[in-house]
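Worksheet: one structure, shown below.
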Amino acid sequence: MRSFLFCTVVCCSALQALPPGLHTEESKVPDFVLPALFPEGTSAEDWQKNLRAETLALFEKEMFGVVPAIERKGTVELGRKVSDFLGGKALLQEVSISLLGDEKGPKLNLLIVTPAAAKGPVPVFLGLNFKGNHTVHSSELITMGEDQKAGRGERAARWHLEGVIDRGYGLVTAFYGDIDLDENDGFKDGIHGAAESPEKRDDSSWGSIAGWTWGLSRGLDFLETYEPVDGSKVVVFGHSRLGKTSLWAGATDERFAGVISNNSGCGGAALSRRAYGETVARINTSFPHWFCKNFHAYGLKEDELPFDQHQLVALIAPRPVYVASAQGDQWADPKGEFLAAKHAGPIYQLLGKKGLGQDEMPAVDEAIGGTVRYHLRSGKHDVKVYDWEQYLKFMDELIR
Ligand code: GTR
């Protein structure tokens, strides 16, 4: 009873803080019908050969935007190498990738940390960070990133670096602003402006999430050539807006062995049609640059979307995917995130894998699932040790 009362109080206070027109009340969720993943009678082969590509193309055109043809002549410069990092248990390598092979164009600065004791190439987590590589651990050996306002190790709690290394995995990260600054600047800066003149853009041109995603794939290009890493076991990870990005990266680049999407919310794993917490209208007002212009037309018209976010999760099949929510993150609609993971299940079954394996949301702090996994962590919008413990298990059981 006590915990029920507590939940009521939390929900009410979240509600008061919400902007007008938005809510976190289950009773206000409209009735909706989810678009079918595939027509009845579809075979695994039909999905792989045609339907998957058709679904992907819809998300491209109507939501994340189409990436222009970019001549990939990225050049790589090896930077700092430390063979006794973290007291000798890890190898650190920094790498700078000129994304367009042009000294003046954007550079993706990767921080790669792998276990020193590894007997061969290791599976890794690859994820963009919000504030610079130097924020993921307090060590002075990490080159200070672009955003020098952020302190060393400021975001260490979100990265669990030593725990990852101790378990035998690697961690690879880069500042997301290396690819495109998170600003609504008419796509003049970053990879968009460098790859294509802003005048050439149309309503289906790529937004920032597609830009970050494209950059992650360039990171993967390098990891495929870097000996300490097993390029066939790179799991793309992201939190919040970067959790939306990790889902899109897994959908667009099938070389990613798995996807982890932490508290991704609207435009990520949360079903748009629920319009609970952050809505399509709201996200396009607050962050008009994240998606393509076509997506803006679906504000308050979620029913007209030709897809919903369960289909984004389905695009990752048959590879492992983890969708994680937090109880105090009602803005991201935990139930909507759960439902997208659940309703992606039939694709996994079609391809011979197990989806979530249960229809009801699990209890708080209980991880569930087969190849599709889900949990609802207690606490706020964040990445905590509990989340990482589940992601390490996911690595052990589904990737390693
Ligand atoms: C919020 C936004 C969310 C989420 C989050 C984040 O302001 O409304 O969609 O992505 O930012 O990325 O931190």
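Restrict the search to segment 137-177; then list the GluC sites (Glu not before Pro) that DSSP places in a loop and that have at most 14 other Cβ atoms within 10 Å of their Cβ.
Passing sites in segment 137-177 are Glu140.
How large is the helix-only mean residue ellipticity at 222 nm for the chain, computed as the sum of -39500 (n - 2.57) over DSSP H runs with n ≥ 4, divided by its residue count, in deg cm²/dmol to the nearest 500?
Value at 222 nm, helices only, nearest 500: -7500 deg cm²/dmol.
Return, for the Cα atoms of segment 293-400, the radius of gyration and Dmax in Å, separated by a comma.
14.5, 43
Summing Lys, Arg as +1 and Asp, Glu as -1, what charge do residues with Cβ under 14 Å from the Cβ of Val280 carry, Val280 excluded?
-1
With a Cα-only, solvent-free Debye model of segment 347-400, what are the log10 I(q)/I(0) values at q = 0.23, 0.32 Å⁻¹?
Those come out to -0.95, -1.25, one per q.
Using every pair of alpha-carbon atoms in segment 205-321, split the distances into 10 Å bins beginning at 0 and state the percent of pairs per bin, rounded to integers.
Taking all Cα pairs of segment 205-321, the binned fractions are 15, 45, 30, 9, 2 percent.
Just want to confirm a number: the relative contact order over segment 79-140, from Cα pairs under 8 angstrom separated by 6+ residues, in percent.
Working: 75 pairs, mean separation 15.2, N = 62.
The value is 25 percent.
Roughly speaking, what is the stretch gain from Glu77 to Ala297, that is 0.36 nm per residue apart minus the C-alpha to C-alpha distance, in nm to one decimal?
So the chain would gain 75.0 nm between Glu77 and Ala297.
Report, by chain and number, residues whose modeled amide H sits under 5 Å from the one on Gly74, excluding near sequence neighbours (fewer than 5 apart, same chain).
Gly101
Name the residues whose placed amide hydrogens come within less than 5 Å of the amide hydrogen of Ala90, ignoring near sequence neighbours (fewer than 5 apart) on the same chain.
Phe85, Ala116
Hey, if you drop one equal point scatterer on each alpha-carbon of segment 64-218 and run the Debye formula without solvent, what base-10 log of I(q)/I(0) do you get at q = 0.09 Å⁻¹?
-0.31
If packing is taken as the mean number of other Cβ atoms within 10 Å per residue, what is the order of 111-121, 210-220, highest first?
210-220, 111-121
Could you tell me what percent of the accessible area of the chain is made up of carbon and sulfur, with a 1.4 Å probe and every protein chain present?
Answer for the chain: carbon and sulfur cover 51 percent of the accessible area.
For segment 89-152, what Kirkwood radius comes out of the mean inverse Cα-Cα distance, in Å?
Its Kirkwood hydrodynamic radius stands at 13.3 Å.
Compute and list, largest first, the equivalent-ellipsoid semi-axes of segment 219-285 from the alpha carbon gyration tensor, each √(5λ) rounded to a whole angstrom.
Those come to 30, 9, 9 Å.
With a sphere of radius 10 Å drawn around the Cβ of Ala194, what net charge do the other residues whose Cβ falls strictly inside it have (Lys, Arg +1; Asp, Glu -1)?
Neighbourhood net charge equals -2.
Taking 0.36 nm per residue of sequence separation and subtracting the Cα-Cα distance, how much length would be gained by fully extending the chain between Lys89 and Asp221, in nm to one decimal?
Taking Lys89 through Asp221 to full extension adds about 44.9 nm, to one decimal.
I need the helices of the chain that pass two filters: whole DSSP H segments spanning 18 Å or more by Cα along the axis, and mean Kyte-Doolittle score no lower than 1.0.
Those that pass (Cα extent of 18 Å or more, hydropathy at least 1.0) are 2-17.
Give me a comma-separated list of calculated 3J(HN,Hα) values for segment 354-364, in order, Karplus coefficients 6.51, -1.76, 1.60 applied at θ = phi - 60°, integers in Hz, x for any Gly or Pro.
Values per residue, Gly and Pro as x: 9, x, 5, x, 7, 8, 9, 4, x, 5, 4 Hz.
Whole Å is fine, so just give me how far the alpha carbon centre of segment 63-122 lies from that of segment 293-337.
A separation of 30 Å, based on Cα centres.
Considering amide H positions built from the backbone, and no H for Pro or chain starts, which residues 5 or more places from Asp333, or on another chain, come under 5 Å of its amide H?
Under 5 Å from the amide H of Asp333 lie the amide H atoms of Glu278, each far enough along the sequence or on another chain.
Could you derive backbone 3J(HN,Hα) for segment 309-322 from the dihedral phi with the Karplus parameters 6.51, -1.76 and 1.60 (θ = phi - 60°), listing whole Hz in sequence and x where the residue is Gly or Pro?
6, 4, 6, 5, 5, 4, 5, 7, 4, x, 6, x, 9, 10
When the chain is fully extended, how far beyond the present Cα-Cα distance does Ser197 get from Arg400, taking 0.36 nm per residue of separation?
68.8 nm
What number do you get for the chain when its Cα radius of gyration is normalised by 2.2 N^0.38 Å, N = residues?
Relative to the rule-of-thumb radius for its length, the chain sits at 0.95.
Take every Cα pair under 8 Å in the chain that's 6+ residues apart, average their separations, divide by the length, and report that relative contact order as a whole percent. Could the numbers behind the result be given before it?
Details: 858 pairs, mean separation 63.4, N = 400.
Dividing the mean separation by the residue count of the chain yields 16 percent.
What is the ratio of the Cα radius of gyration of segment 109-191 to 2.2 N^0.38 Å, with N the residue count, to two decimals?
1.19
Going by Cα centres, segment 183-215 and segment 123-164 are how many Å apart?
26 Å
Ignoring ligands, DNA and RNA, what accessible area per residue does the chain give at 1.4 Å, in Å²? Present the calculation step by step, with values, prior to reporting the outcome.
Numbers: 16580 Å² over 400 residues.
That works out to 41 Å² per residue.
With springs connecting C-alpha atoms under 10 Å apart, model the chain as a Gaussian network and identify which of Val229, Val29, Val280 has the largest mean-square fluctuation.
Ranking Val229, Val29, Val280 by mean-square fluctuation puts Val29 first.
Within the set of other residues whose C-beta is less than 13 Å from the C-beta of Pro346, count the net charge using Lys and Arg as +1 and Asp and Glu as -1.
The answer is +1.
The values are calculated or read from the model by the stated rules, or taken from the named source; none is laboratory data. Since we're looking at a predicted model, the values are computed, not measured. Heads up, the Cβs are rebuilt from the backbone with ideal geometry, glycines too, and the neighbour counts pull from every protein chain shown. Note: accessible area is taken over every heavy atom of the protein model, side chains too, but ligands, DNA and RNA are not part of it. Shrake-Rupley method; radii C 1.70, N 1.55, O 1.52, S 1.80 Å.
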